[in-house]
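What follows is one structure encoded as structure tokens, with my remarks underneath.
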Amino acid sequence: MVNPADPLSRRRSLGLLLGAAPTLLLGGCALNGVSEAVGAATQPLNERLEALLQGKGKLPEFRPNQVDPAALLINSFNGMPDIDPASYRLDVDGLVSRPLRLDLAALAALPQQQCVLRHVCVEGWSAIVAWSGPRLADVLALAGPSPLAGYVFIASADQYYESWDMASALHPQTLLATHMNGAPLPAANGAPLRLATPVKLGYKLSKWVTGLKLMATLGDRRGYWEDQGYEWFAGL
């Protein structure tokens, strides 16, 4: 029996439902012409189903003593960029009423939150990590998002790029992390600023974040890996 009050039980049940309809949920690596056509037709449905799985409330977290620092592998897209913390700025623009250019002191002045989350990589490994920093929702609120903003485009210092739906960006456990496992975020893990959340696969969690642009629609550049065939929503 499924306990309706248990979000994990609900997600497992919905997962079984989705698993019973594999033709609707095409993997991001199925790149032949037929799967591309079917994928384009079913993608809006896929995203709605994944958003339903994700839900709006907080997801269960782990205990600090469950953190395993050695389990978090370091992936690099284009080498590790050299960022001077003193000159670092986060730009927030697009469909906002107050474009921002925030330094690390301004980010540190925002309410800080720690979340002990499972980081899940599409390559098949996972790691429990304690991330902390301001919520992405709080940063976006400072900029005054337009009601027309439905997506966030994320730019990084290593030229990596991503885009998210606004619901995932505003999720209460989506952080712009500046610290990891109780210490300042290491450069190799995305310092001075990276995304962390329990609702997205690892390739959505951009490191060395330098820009957030709110948009009404997705552009041609949806994400580095998504533009090569990976699933765009990538929800957990």
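Laboratory data are not the source of any read-out in this text; all were calculated from the coordinates shown. Computed from a predicted model, the values in this text were never measured in an experiment. Every residue, glycine among them, receives a Cβ derived from its backbone with ideal geometry; neighbour counts consider all protein chains shown.
Evaluate the relative contact order of segment 174-229 (contact order divided by residue number), counting alpha-carbon pairs under 8 angstrom at least 6 apart; express in whole percent.
26 percent
Within segment 87-180, which chymotrypsin sites (Phe, Trp or Tyr not before Pro) sit in a loop by DSSP and count at most 16 neighbouring Cβ atoms inside 10 Å? Show your work: numbers first, answer last.
On the way: sites: Y88, W125, W131, Y151, F153, Y160, Y161, W164; in loops: Y88, W125, Y160.
Here the chymotrypsin sites (Phe, Trp or Tyr not before Pro) that fit, given the DSSP loop and packing criteria, are W125.
For Cα pairs less than 8 Å apart in space and 6+ apart in sequence, what is the mean separation divided by the residue count of segment 89-236, i.e. the relative contact order in percent? Don't jump to the answer; show the numbers that get you there.
On the way: 328 pairs, mean separation 41.2, N = 148.
Here the relative contact order equals 28 percent.
Considering amide H positions built from the backbone, and no H for Pro or chain starts, which residues 5 or more places from K200, or on another chain, come under 5 Å of its amide H?
L236
How do D220, D93 rank when sorted from fewest to most other Cβ atoms within 10 Å of their own Cβ?
Least to most surrounded, the residues fall as D220, D93.
Just to check I understand the Karplus step: with θ = phi - 60° and J = 6.51 cos²θ - 1.76 cosθ + 1.60, what whole-Hz values come out for segment 199-215, glycine and proline as x?
Per-residue couplings from phi come out as 10, 9, 5, x, 6, 7, 8, 4, 9, 6, 5, 10, x, 10, 10, 7, 9 Hz.
What is the fewest-to-most order of I83, I154 by other Cβ atoms lying within 10 Å of their Cβ?
Numbers: I83 17, I154 21.
Starting with the residue having the fewest Cβ neighbours, the order is I83, I154.
For a quick check: with amide H placed at 1.01 Å from N, whose amide H comes under 5 Å from T210's, ignoring anything fewer than 5 positions away on the same chain?
Here the answer is A155, S156, A157, since their amide H atoms fall under 5 Å of that of T210.
Once both labels are modelled 7 Å past Cα along the beta-carbon direction, what's the D84-M166 spacing in nm?
3.7 nm
Taking 1 over the mean of 1/r across every pair of different Cα atoms in segment 131-206, what Kirkwood radius in Å do you get? Each step should come with its number before you reach the end.
Values: mean 1/r = 0.0781 Å⁻¹.
That comes to 12.8 Å for segment 131-206.
Considering the Cα positions of segment 64-228, please state its Rg to one decimal place and its Dmax as a whole number of Å.
Using the Cα atoms of segment 64-228, the pair Rg, Dmax is 14.8, 42 Å.
Residues with amide H under 5 Å of H179's amide H, sequence separation 5 or more or different chain, H placed in the peptide plane at 1.01 Å from N; which?
Result for H179 returns S132, L185.
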